[in-house]
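Reading through the structure tokens given below for one structure.
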Amino acid sequence: MSKGATKPESSPAPQPRTPEDIRNVVLVGPGGAGKSTLFDYLVAARVPGRRPRDGDRERSVGLSVASFESNGLTVNLVDTPGFPDFVGELRAGLRAADAAIFVISAADDIDGATALLWQELAAVGVPRAIAVSKLDLPRSSYDDTIARCQRVFGDAQALYLPVQGTEKVVTAAMGLLSQRTFDPSGGQRVERDPTADEADAIEARRGPLIEAIIEESEDDTLLDRYLEGEQISTETVIDALKAAVAKATFFPLLPISPATGVGVEETLEVIEQCFPSPVNRPAPRAYTPAGATIGDVRCDPAGPLVAEVIRTTSDPYVGRLSLVRIFSGTLQPDDVVHVSGHLGEFVERQGGNHLEGHGDHDADERVGPLSSPLDDVTRTTGRAIAGQLVLVSKLNHAETSDTLSAKDRPALVEPWVLPEPLLPVAIHAANKRDEDKLATALQRVVAEDVTMRMEHNPETHQVVLWTMGQAHVDDILDRLRERHGVEVEAEQLRTALRETFVRRCTVQGRHVKQSGGHGQYAVCHLEIEPLDRGAGVEFVDKVVGGSIPRQFIPSVEKGARAQLEKGVLSGYPVVDVRVTLYDGKAHSVDSSDLAFQTAAAIALKDAANEATVSLLEPIDAVDIIVDNDHLGAVMSDLRGRRGHVLGTEPVEVGGRTVVHAEVPQVELSRYPVDLRSVSHGTGTFTRTLLRYDYMPADIAKAQAVSSSGA
């Protein structure tokens with residue numbers, strides 16, 4: 001599924017007969033490891049007339065999906081971005097798939113994000129394999145990569161060894177179980193006897209591999225028979241391998257060099273023979289609209305429709321196109337389905353913030369034409385059964401993560417784990433012409449991208465987009481410009497500060513005007529006192545002797561509260577203060593409600609100066625999870641942000657620590673980017689507004705200059 005509109009193609013779409021004939025596989029791993037290149041070559045190996053793209057592909061920012069036939073099966077292959085800013089696309093790809101292939105560069109270390117993803121998939125039992133790329137680079141080593149994978153991932157075992165020629169070019173693969181060498185150099189995969197050196201390499205690795213496979217066998221007697229010296233047939237070992245991979249207890253590792261063809265067929269064999277069908281993988285939890293659990297959703301084409309929108313794109317020419325994973329039932333063109341989106345409900349249930357732009361919605365819609373994705377082209381299809389991925393057009397109300405279900409049996413699928421976007425950017429239309437179009441364009445972008453939050457900040461009067469990182473920001477601005485024709489510029493993010501009085505003072509507010517006829521006359525004497533943080537605003541009436549008529553006391557309070565809300569010195573709301581009215585004067589003719597409101601406002605502004613009023617800044621409670629290796633760097637960085645570390649504690653997953661801290665909000669505007677740098681990609685954090693506290697004078701002065709410039 002391409003970033004923009006897709007092109008039709010005449011080749012037929014695959015038509016699986018049953019869900020058992022489907023394999024849904026996602027390619028994951030760090031950026032630059034070669035996922036997209038492997039994706040191209042796997043597709044080209046099975047789709048007639050399809051050729052891999054020439055040269056290096058640009059950095060992926062979205063999902064690419066291809067459905068194709070492979071030895072009687074339908075393979076739905078999903079390529080995901082490796083850059084951390086697009087982890088939302090990765091999460092969507094994981095929901096679409098039933099198994100994962102980690103693409104790892106032999107020339108690089110395994111980064112923290114990849115290690116964490118492996119642990120996450122292990123916790124839910126997702127079958128996994130490892131494809132080792134970049135073996136032709138000077139600093140690469142297959143043996144070292146195996147050792148790194150075993151150290152980071154656990155029990156990963158090589159099924160094949162690379163045969164490398166001059167300049168480390170990978171020319172063939174040695175099968176450890178088959179004891180054969182597979183050479184694709186002539187354009188066709190040729191099987192041959194191994195050379196003497198190849199046979200020695202196979203012999204050295206074959207025994208440990210067989211033992212590792214047998215240890216995971218469902219046949220408890222197989223290991224004993226093997227250890228007693230019984231010759232276990234290769235067919236029996238391969239059967240045990242298939243079962244162990246499907247159950248996510250064994251993780252095959254194989255070398256790939258797509259440009260020479262090595263590893264392409266081997267990878268497809270793992271997909272076809274080892275990875276499970278959708279029938280053997282659990283579906284996500286589903287609920288009724290009232291919140292009751294539906295129970296197990298079975299991968300049955302004859303069952304009630306339960307499907308989820310994995311990705312939504314909109315194009316001014318082709319309209320909205322939804323990539324849908326079907327968990328139960330069958331979908332056909334012109335079916336009327338129930339579209340349900342309650343993303344905010346689930347996010348808030350997980351402790352996230354309210355989602356502006358992702359409002360709850362329910363509607364019945366008629367399904368448009370269906371098509372099968374083949375990366376940047378589509379092929380019309382007449383139906384899609386449980387287990388399939390399909391493109392659905394003309395679902396005008398459907399957004400990413402929405403549920404499609406039977407009209408008479410509406411359901412709501414629990415969305416995948418959504419990362420919290422924590423990098424804010426304030427934007428505005430670049431010119432008057434684009435101002436009217438910006439709101440509509442933003443709504444469409446939000447509908448497509450569940451990792452973006454939109455906020456209209458009523459205090460700073462800014463439109464703020466909460467994103468995953470700077471690359472995510474750049475992509476959003478590109479989409480607004482290229483797809484929706486809206487030029488947008490970023491502006492400095494403003495922080496919603498507060499003012500407070502820091503010392504007791506008394507002041508007179510005098511509003512006297514005479515201009516013919518009824519004049520305006522009001523005098524009020526106020527005492528202003530600071531209160532503890534969080535106390536709010538108090539108004540106290542201590543007028544005695546009728547110096548101010550009783551009907552004007554509420555006027556003084558109303559005027560005081562209105563001025564405190566607008567600010568008295570820098571234009572920020574005043575908090576944590578007590579205002580006491582203790583005396584004043586009135587005129588029998590010229591005093592009025594408005595006059596006393598104005599007098600109260602004048603008094604508060606006259607009382608405000610740098611000696612009596614200070615700025616308060618928002619302080620966030622921040623919880624950071626980071627690898628122990630980078631804990632010191634993170635702590636040092638927090639100190640540079642005026643952060644106060646409250647304590648640390650180990651995480652259940654070994655080698656990681658949680659840091660609890662309090663950090664001024666103004667210091668966190670770029671923290672997602674900076675944390676990724678100082679933690680080498682292993683750090684994550686959450687933030688929650690804790691309180692307001694005094695802002696240092698030098699920073700307050702800089703903030704005032706910044707705000708006046710804005």
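The values are calculated or read from the model by the stated rules, or taken from the named source; none is laboratory data. Keep in mind that this is a model prediction, so the values were computed, not measured. Glycine gets a Cβ as well: all are built from the backbone with ideal geometry, and neighbour counts include every protein chain shown. Quick note on the areas: whole protein, heavy atoms, side chains included, nothing else; ligands and nucleic acids left out. Shrake-Rupley method; radii C 1.70, N 1.55, O 1.52, S 1.80 Å.
A few comments on the model shown:
- Packing, as the average of other Cβ atoms within 10 Å across residues, places the peptides 524-531, 69-76, 330-337 in the order 524-531, 69-76, 330-337, highest first.
- Arg192 versus Ala430: modelled label distance in nm, points set 7 Å from Cα along the beta carbon direction: 5.8 nm
- Packing here is the average count of other Cβ atoms within 10 Å per residue, and on that basis the peptides 638-649, 502-513, highest first, run 502-513, 638-649.
- Whole-angstrom gap from segment 680-697 to segment 441-504, using each part's C-alpha centre: 19 Å
- Hypothetical label at Thr506: residues of segment 575-613 whose amide nitrogen lies under 13 Å (7 Å Cα-Cβ projection): 580-584
- Modelled FRET efficiency - R0 60 Å, Ala697 with Arg409, Cβ distances, 0.05 increments: 0.40
- Helix runs (DSSP H) in the chain reaching 27 Å along axis by Cα, Kyte-Doolittle at least -1.0: 196-215
- On the chain, 48 percent of the accessible area sits on carbon and sulfur atoms, based on a 1.4 Å probe.
- Accessible area in square angstrom per residue, the chain, 1.4 angstrom probe: 44 Å²
- Of Lys247/Lys407; Lys437/Lys701; Lys394/Lys432; Lys605/Lys701; Lys542/Lys605, pairs whose Cα-Cα distance is over 26 Å: Lys247/Lys407; Lys437/Lys701; Lys394/Lys432
- Theoretical ellipticity at 222 nm over the chain - DSSP helices of four or more residues, -39500 (n - 2.57) apiece, nearest 500: -8500 deg cm²/dmol
- Between Leu690 and Gln179, the modelled label-to-label distance comes to 6.6 nm, taking each label 7 Å out from Cα in the direction of the beta carbon.
- Whole-number D in µm²/s for segment 568-621 (Stokes-Einstein; Kirkwood sum over Cα pairs; 25 °C, 0.890 mPa s): 179 µm²/s
- The mean sequence separation of alpha-carbon pairs under 8 Å and at least six residues apart, normalised by the residue count of the chain, gives a relative contact order of 10 percent.
- Volume per residue that the Cα convex hull of segment 542-688 spans, once the total is divided by residue count, Å³: 144 Å³
- Excluding same-chain neighbours fewer than eight residues apart, the lysines reachable from Lys134 by a Cα-Cα span under 19 Å are Lys35, Lys168.
- Computed over the chain, the P(r) curve from all C-alpha pair distances, binned at 20 Å from the origin, holds 15, 39, 28, 12, 5, 1 percent per bin.
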